[in-house]
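Inspection log for the structure reproduced underneath, given as structure tokens.
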Amino acid sequence: MRRTVLSLMAIFCIFFSHAQDTTSSLSDEDLLKLYEGLRVADVSDGMDKLGLYDLGLMDPKIIPLWKDIDNFKHQMVGIAFTVRYVPTQMPRLGPDVSREEYNKWRDEWYTYDSGEPYRDKIKPGHLIVVDVEGEGDTGSFGSNNTLVFKKAGAVGMVSSGGMRDTDEIIKQRIPVYTDIYKRGRGIRPGRNELESYNKPVVVGGVLVHPGDVVVADGDGVIVVPRSKAEEVAIAARNELELDKEARRALYKELGIPLDFTVEEKEEE
């Protein structure tokens, strides 16, 4: 009996050690440095090298809301901070209510049912990844709360939809990637509820865990599991340098002035 118990304990310890080995030992800051300047294409190639074919590529309908072709300010890399809103089944107010009653109902919904209690959890380097699938014509995020997230240090947002105030977001130059055909106009009260935050979500057909690395540019969005992030970054960096070297030679042959996309990185 004692031998059986010891054997089970040994098996449990082995399983537990493997189960815990799901995250990189690197800090968020160190991971972000590894991914600095890497493109979605490079990261995709790096994941291929590790046998992770198409694993993290989001639906190509999720694209940048705006592009900066001169300096690529729309590009971003960040650590996933996940949020999920779901359609509500709670009743809405009827038409025969006073403005005061409506305002009270709306404010209570924002406070208790569909708010943003996670705001103070957002840290520099976070990239807000939001699942709003199925919520219909609801604008959960807009010009105001995207600025709040930016103030907290978020590098931008990726969402399956639910964006509104898009003109102002573009004007404010906040990187947002979304399916523009699923943008929303109505407010949250009466339409959705906060289901969770910092829990796994599915956005653009990709499973995203809190702490995963997210890279976004004109090609779309790719998510790298944190447990593979360091290996992928090394492989992706090699792909980028090979591409820059080849393009740099072509620039010189064609007489094109070198730009930041092909210049050699200075050694630190």
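Could you pull out the residue among GLY220, GLY211 that is of a type in the set (Gly, Ala, Ser), over 14 Å from LEU57 (Cα atoms) and touching a strand residue (DSSP E or B) at 6+ places or on another chain (Cβ under 7 Å)?
The conditions single out GLY211.
Show the residue pairs that are 6+ apart or on different chains and have beta-carbon atoms under 7 Å apart, the first residue being within segment 153-169 and in contact (Cβ under 8 Å) with a residue 24 or more places away in the chain, the second being of a type in the set (Asp, Glu).
So the pair list comes out as SER160/ASP131; SER160/GLU133; SER160/ASP179; GLY161/ASP179; GLY162/GLU135.
Can you name every residue in segment 64-107 that is basic (Lys, Arg) and in contact with a strand residue (DSSP E or B) (Cβ under 8 Å, 6 or more places away or on another chain)?
ARG84
For segment 141-159, enumerate the residues that are under 17 Å from MET76 (Cα atoms) and either of a type outside the set (D, E, K, R) or at pLDDT below 95 (or both).
THR146, LEU147, PHE149, ALA152, GLY153, ALA154, VAL155, GLY156, MET157, VAL158, SER159
I'd like to check something: does segment 33-46 contain any residue that is of a type in the set (Val, Ile, Thr) and outside any loop (DSSP other than H, G, I, E, B)?
Yes, segment 33-46 contains at least one residue that is of a type in the set (Val, Ile, Thr) and outside any loop (DSSP other than H, G, I, E, B).
Is there a residue being assigned to a loop (DSSP other than H, G, I, E, B) and either at pLDDT 95 or above or of a type in the set (Val, Ile, Thr) (or both) anywhere in segment 99-111?
No, the conditions are met nowhere in segment 99-111.
For segment 138-153, what are the residues that are under 25 Å from VAL224 (Cβ atoms) and either surrounded by fewer than 24 Cβ atoms within 10 Å (Cβ to Cβ) or charged (D, E, K, R) (or both)?
Hits for segment 138-153 are THR146, PHE149, LYS150, ALA152, GLY153.
Being among the polar types (S, T, N, Q) and not in a strand (DSSP E or B) is the filter; apply it to segment 122-150 and report the residue that is nearest to the chain's Cα centre (by Cα).
THR146
Can you go through ASP217, ASP243 and tell me which one is surrounded by 15 or more Cβ atoms within 10 Å (Cβ to Cβ), on the phi < 0 side of the Ramachandran plot and within 23 Å of the chain's Cα centre (by Cα)?
Of the residues listed, the single one that is surrounded by 15 or more Cβ atoms within 10 Å (Cβ to Cβ), on the phi < 0 side of the Ramachandran plot and within 23 Å of the chain's Cα centre (by Cα) is ASP217.
Going by the structure shown, is THR166 surrounded by fewer than 20 Cβ atoms within 10 Å (Cβ to Cβ), more than 29 Å from PRO117 (Cα to Cα) and polar (S, T, N, Q)?
No: the conditions fail for THR166.
Which one is nearest to ILE62 (Cα to Cα) among residues in segment 4-48 that are surrounded by 10 or more Cβ atoms within 10 Å (Cβ to Cβ), of a type in the set (S, T, N, Q) and modelled with pLDDT of 55 or more?
SER44
State which residue pairs qualify: first residue outside any loop (DSSP other than H, G, I, E, B) and inside segment 251-265, second residue surrounded by 12 or more Cβ atoms within 10 Å (Cβ to Cβ) and hydrophobic (A, V, I, L, M, F, W, C) in any location, beta carbons under 7 Å apart, and separation of 6 or more residues or different chains.
What qualifies is TYR251/LEU258; TYR251/VAL262.
In segment 101-137, which residues are buried (at least 17 other Cβ atoms within 10 Å of the Cβ), of a type in the set (Asp, Glu) and without any contact (Cβ under 8 Å) to a residue 60 or more places away in the chain?
Hit for segment 101-137 is GLU135, nothing else.
Quick test for you: out of ARG173, ARG188, ARG183, pick the one residue that is surrounded by 15 or more Cβ atoms within 10 Å (Cβ to Cβ) and within 12 Å of LEU65 (Cβ to Cβ).
ARG183
The values are calculated or read from the model by the stated rules, or taken from the named source; none is laboratory data. Just so we're clear, the structure is a prediction, and the values are computed from it rather than from any experiment. Virtual Cβ from ideal backbone geometry, glycine too; neighbours counted across all protein chains shown.
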